[in-house]
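Got a structure for you, written out below as structure tokens; questions coming shortly.
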Amino acid sequence: MSGTKIILGVTGGIAAYKAPELVRRLRDRGAIVQVVMTHSAREFTTETALQAVSGRPVRSDLWDPQAEAAMGHIELARWAERILVAPATAEFMARLAGGFASDLLGTLCLATTAPICLAPAMNHVMWASEAVQANRRLLESRGVQLLGPDIGDQACGESGPGRMLQPEAIAKIIAGPVAVAETAGASLRGKTVMITAGPTLEAIDPVRFISNRSSGKMGYSLASAAAAAGAKVLLLSGPVSLPVPRGVECINIESAEELHTAVHRSISNVDIFIGAAAVADYRPAATEPNKIKRVRTELRLDLVRNPDILASVAELPRRPFTVGFAAETEKLREHALQKLEQKKLDMIIANKVGHGVGFDSDENAVDVYWKNGQKSFPLSAKAALAGDLIELIAERYAANSSSAGHGTRPAIAIRD
Ligand code: PMT
């Protein structure tokens, strides 16, 4: 991030007291940070503190002739290579979604072509409210990246998703490749990573299908983190409503068979394969050409097994470093280790799934297993978790490449 020009927008939530630390974490990584505060942010932190840690006068007023004479708001919007708003309150998200230019920060967000990231922070009930979630979806569909929120104890005394991610976690995500390369000791620069994400849809007739609750968030977050780590990323995605992360090439598929074909069409130059898609294990034996009529009292569907895409990649004679997921409702460790061994994977990421857990939520908790090793990651925002997982994958990939050439590795023996 050396020399990267970042506008840090600070809005009026209690987490604003962490803004000075965030400035330091960004500057530690070489960024040039220009703080822009909203008026209500002053209730929680001071201009003096932020000026001291950023080394630059803080901007807050659209109508300050002196500041505008030094660098007008349009110039400032052009100057920024990135805008990060942390904390981003529900009110600021609503203003941004509505396109309001009623203060300096809102105006900068409209006038910039730089990528915008928000680290939301609010009470968990506010975060879950329909209005905030609608604004979140709208902002994401426009390419705004949301970092978090994290879950845990809140300033209001309650607990749940809504806390701002810790400054170190935000700085790490923003820093991307540099952070991953530095901490993992292994960059993904020059590597090709293929990631599958989202559900598959298995057609019953022209209007009906079998599918599952995968939202694609885990896979898309991994794609974003891998791209930030310098990799060339090919994302193969089932039907989801998420924007394609910056710098990622995306191929859309619907069914497991389409995914299987798309994976094998491009797998030959892939260094790392990550199977995060929730691939339907079965599909209807036949797809009816016309809509099935509601005439019978009972209807039976014959299902046939879909190809196991992950196992088919791991079986290739010169296979990439192959990482699978295990989505389990019970016996997480036992089933994950079985999959690691049976599918001959290099690594498996086990997550518990169920109502509102794992699938279609903003957070996840995982246990990762590989030959002679394991690591647990507690419940956290998928964006932050993805950064940690890519870091671990880069580390294991590097260790694996130095000990044995790809395609020559024997099947893994697991000791339980
Ligand atoms: O998309 P989100 O809402 O963010 O939710 C994330 C997630 C829960 C979907 C994700 O974290 C996850 O666990 N993905 C894998 C889901 C799954 O299909 O798990 P499984 O245990 O049934 O399959 C094991 C592995 O084999 C997976 O890597 C899967 O992609 C792969 N597989 C499964 C069946 C099949 N026919 N082909 C496959 O490649």
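Just so you know, all these numbers are worked out from the coordinates, no wet-lab data involved. Computed from a predicted model, the values in this text were never measured in an experiment. All Cβ positions, even for glycine, are placed from backbone atoms using ideal geometry, and neighbour counts span all protein chains on display.
I'd like the Karplus ³J(HN,Hα) series for segment 339-346: coefficients 6.51, -1.76, 1.60, θ = phi - 60°, whole numbers in Hz, and an x wherever there's a Gly or Pro.
Along segment 339-346, the couplings run 5, 4, 7, 5, 8, 6, 8, 7 Hz.
When the chain is modelled as a GNM with alpha-carbon springs shorter than 10 Å, which of 145, 34, 51 fluctuates the most?
Maximum among the listed residues: 51.
Can you figure out the FRET efficiency of residue 42 with residue 131, using R₀ = 22 Å and their beta-carbon distance, to the nearest 0.05? Don't skip to the answer; put the middle values down first.
Working: r = 25 Å, r/R0 = 1.15.
Given R0 = 22 Å and the Cβ-Cβ separation, E is 0.30.
Once phi is turned into ³J(HN,Hα) by the Karplus curve 6.51 cos²θ - 1.76 cosθ + 1.60 with θ = phi - 60°, what whole-Hz value does each residue of segment 41-55 show in order, with x for glycine and proline?
Result, ordered by residue: 4, 5, 6, 10, 8, 10, 4, 4, 4, 5, 5, 5, 7, 8, x Hz.
On a C-alpha basis, how far is the centre of segment 112-148 from the centre of segment 340-358 in Å? Whole number, if you could?
Going from one Cα centre to the other spans 28 Å.
Note down the relative contact order for the chain as a percent, whole number, built from C-alpha pairs under 8 angstrom at least six residues apart.
Values: 886 pairs, mean separation 50.1, N = 416.
In percent, rounded to a whole number, it is 12.
Give me the one-decimal nm value for the distance between modelled label points at residue 282 and residue 303, 7 Å along each residue's Cα-to-Cβ direction.
Taking the simple label geometry, residue 282 and residue 303 are separated by 0.4 nm.
Here is a further query. If you plug each phi of segment 377-387 into the Karplus form 6.51 cos²θ - 1.76 cosθ + 1.60 with θ = phi - 60°, what whole-Hz ³J(HN,Hα) values come out, in order, with x for Gly and Pro?
Once rounded to whole Hz, the list reads 10, x, 3, 7, 4, 4, 4, 6, 4, 4, x.
Looking only at Cα atoms, what is the convex hull volume of segment 308-360 per residue, in Å³? Before the final figure, lay out the partial values.
Working: hull volume 4.0 nm³, N = 53.
Taking the convex hull of the Cα positions in segment 308-360, it is 75 Å³ per residue.
Which far-off residues, 5 or more places away or on another chain, put their amide H under 5 Å from the one on residue 325, with H placed in the peptide plane?
Residues meeting the amide H criterion: 275, 349.
Calculate how many DSSP beta bridges within the chain are antiparallel, expressed in % of all such bridges and rounded to the nearest 5. Walk me through the intermediate numbers first.
Working: 23 of 66 bridges.
That works out to approximately 35 percent antiparallel.
At 0.36 nm per residue, minus the direct Cα-Cα distance, what do residue 312 and residue 254 gain on full extension? Give it in nm, one decimal, please. Walk me through the numbers on the way to the answer.
Working: separation 58, 0.36 × 58 = 20.88 nm, distance 1.86 nm.
Gain in length upon complete extension: 19.0 nm.
Which net charge results for the neighbourhood of residue 39, defined as the other residues with beta-carbon distances under 14 angstrom from its beta-carbon, given Lys and Arg at +1 and Asp and Glu at -1?
Values: positive: 42, 59, 95; negative: 43, 47, 61, 64, 91, 103.
It works out to a net charge of -3.
Also, I was wondering about something else. For segment 184-403, what does the relative contact order come out to in percent, with C-alpha contacts under 8 Å and a separation of six or more?
Details: 457 pairs, mean separation 46.6, N = 220.
Relative contact order of segment 184-403: 21 percent.
Would you mind counting up the charge near residue 73? Only other residues with Cβ under 12 Å from its Cβ, with Lys and Arg at +1 and Asp and Glu at -1. Display every interim value, and only then the final one.
Numbers: positive: 59, 78; negative: 61, 64, 68, 75, 103.
Taking every Cβ under 12 Å from that of residue 73, the sum is -3.
Shifting gears a bit: Distance from the Cα centre of segment 1-60 to that of segment 258-292, in angstrom?
Using only Cα atoms to place each centre, the spacing works out to 46 Å.
Find how much the distance from residue 159 to residue 357 grows on full extension, using 0.36 nm per residue of separation minus their present alpha carbon separation; answer in nm with one decimal. Before the final figure, lay out each step's value.
Details: separation 198, 0.36 × 198 = 71.28 nm, distance 1.65 nm.
Gain on extension, residue 159 to residue 357, equals 69.6 nm.
Compute the Rg/Rh shape ratio of segment 354-405: radius of gyration over Kirkwood radius, all on alpha-carbon atoms. Write down the numbers at each step before the final one.
Values: Rg = 13.2 Å, Rh = 12.3 Å.
Taking Rh as the inverse mean 1/r over Cα pairs, Rg/Rh reads 1.07.
Please list 14-22, 371-379 highest first by mean number of surrounding beta-carbon atoms within 10 Å per residue. Intermediate results must be reported in sequence, preceding the final value.
On the way: 14-22: 22.7, 371-379: 13.1.
Highest mean packing first, the order is 14-22, 371-379.
OK, next. Which of 48, 89 comes first, and how do the rest follow, when ranked by fewest Cβ neighbours within 10 Å?
Values: 48 9, 89 24.
Least crowded to most crowded, the residues run 48, 89.
Rounded to a whole number of µm²/s, how large is the Stokes-Einstein D of the chain at 25 °C and 0.890 mPa s, given Rh as the Kirkwood radius over C-alpha pairs? Walk me through the numbers on the way to the answer.
On the way: Rh = 22.8 Å.
For the chosen part, D equals 108 µm²/s.
Going by average Cβ neighbours within 10 Å, how do the peptides 234-241, 69-76 rank, with the highest at the top? Before the final figure, lay out the partial values.
Details: 234-241: 21.0, 69-76: 14.0.
Sorting 234-241, 69-76 by mean packing, highest first, produces 234-241, 69-76.
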